[in-house]
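The block underneath contains the structure these notes are about, expressed in structure tokens.
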Amino acid sequence: MYIGLISDTHGVFGEQFKEFFAPVDVIWHAGDWGGDGAFCESISGFKPVVGVHGNCDGSGVRYLYPEVQILKVQGLEILMMHIGGSPGHYYPAAKALIEEHKPDVFICGHSHILKVMRDPKYGHLYINPGAAGLQGWQLVRTALRFKIESGEVKDMEVFELPKNNGIFAG
């Protein structure tokens, strides 16, 4: 399965991201979509989407996407939520879910910081795709794509776009 991973779009999903995600089978969205259900549909109309809502999302997005997703893909258990923290500094709710489910991969957003690493304590692969939107302090907009095959995450690629690329942010 070929997966595109995005978070913190805050209502922005432009052509550059569509080009990066063109070859993927599905887009996973780790919350803070922005906009409303119509914005979510603009992404799900492009590719199938699995996602969670974030702390900035309103009732329209919360109706469409849960707070937590637990997925089983090609022999891996994936835990996805928006506010997760990071290895050694997990938010309490994330830590409780990690300890309960013992996922192979933990995905979150919220920090606007792209980070991929193996968690030394729990052993799972930690993935935060950073922020794809314009809201926030980040200087670069980011997304990831990767494959899950035979119980392994493979061929991970990072997409970076300067925050001011082609868009006047005011």
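The values are calculated or read from the model by the stated rules, or taken from the named source; none is laboratory data. Worth saying up front: this structure is predicted, and the values here are computed from it rather than measured. As a convention, Cβ positions derive from the backbone with ideal geometry for all residues, glycine included, and neighbour counts pool all protein chains shown. Accessible surface areas use protein heavy atoms only, side chains included; no ligands, DNA or RNA. Shrake-Rupley method; radii C 1.70, N 1.55, O 1.52, S 1.80 Å.
Numbers below:
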{"item": "Region 63-142 - Kirkwood radius from inverse mean 1/r over Cα pairs (Å)", "result": "13.1"}
{"item": "Charge dipole (debye, nearest 20) of region 67-170; +1 at Cβ of Lys and Arg, -1 at Cβ of Asp and Glu", "result": "240"}
{"item": "Estimated FRET transfer efficiency (residue 67, residue 158; beta-carbon r; R0 25 Å; 0.05)", "result": "0.40"}
{"item": "Kirkwood Rh (inverse of mean 1/r, distinct Cα pairs), region 1-83, angstrom", "result": "12.8"}
{"item": "Förster radius 35 Å - calculated FRET efficiency between residue 16 and residue 95, Cβ distance, rounded to 0.05", "result": "0.50"}
{"item": "Helix-only mean residue ellipticity at 222 nm for the chain, each DSSP H run of n ≥ 4 adding -39500 (n - 2.57), per residue, nearest 500", "result": "-5000 deg cm²/dmol"}
{"item": "Beta bridges per DSSP with both ends in region 1-135, % antiparallel, nearest 5", "result": "50"}
{"item": "Per residue, in Å², the accessible surface of region 54-125 once ligands and nucleic acids are set aside, probe 1.4 Å", "result": "53"}
{"item": "Region 1-140 - convex hull of alpha carbons, volume per residue in Å³", "result": "104"}
{"item": "Sequence ranges 130-143, 149-162, ranked by mean other-Cβ count within 10 angstrom, highest first", "result": "130-143, 149-162"}
{"item": "Relative contact order (percent, whole number), region 72-130, Cα cutoff 8 Å, 6+ residue spacing", "result": "33"}
{"item": "Accessible surface of the chain, 1.4 Å probe, proportion on carbon and sulfur as whole %", "result": "53"}
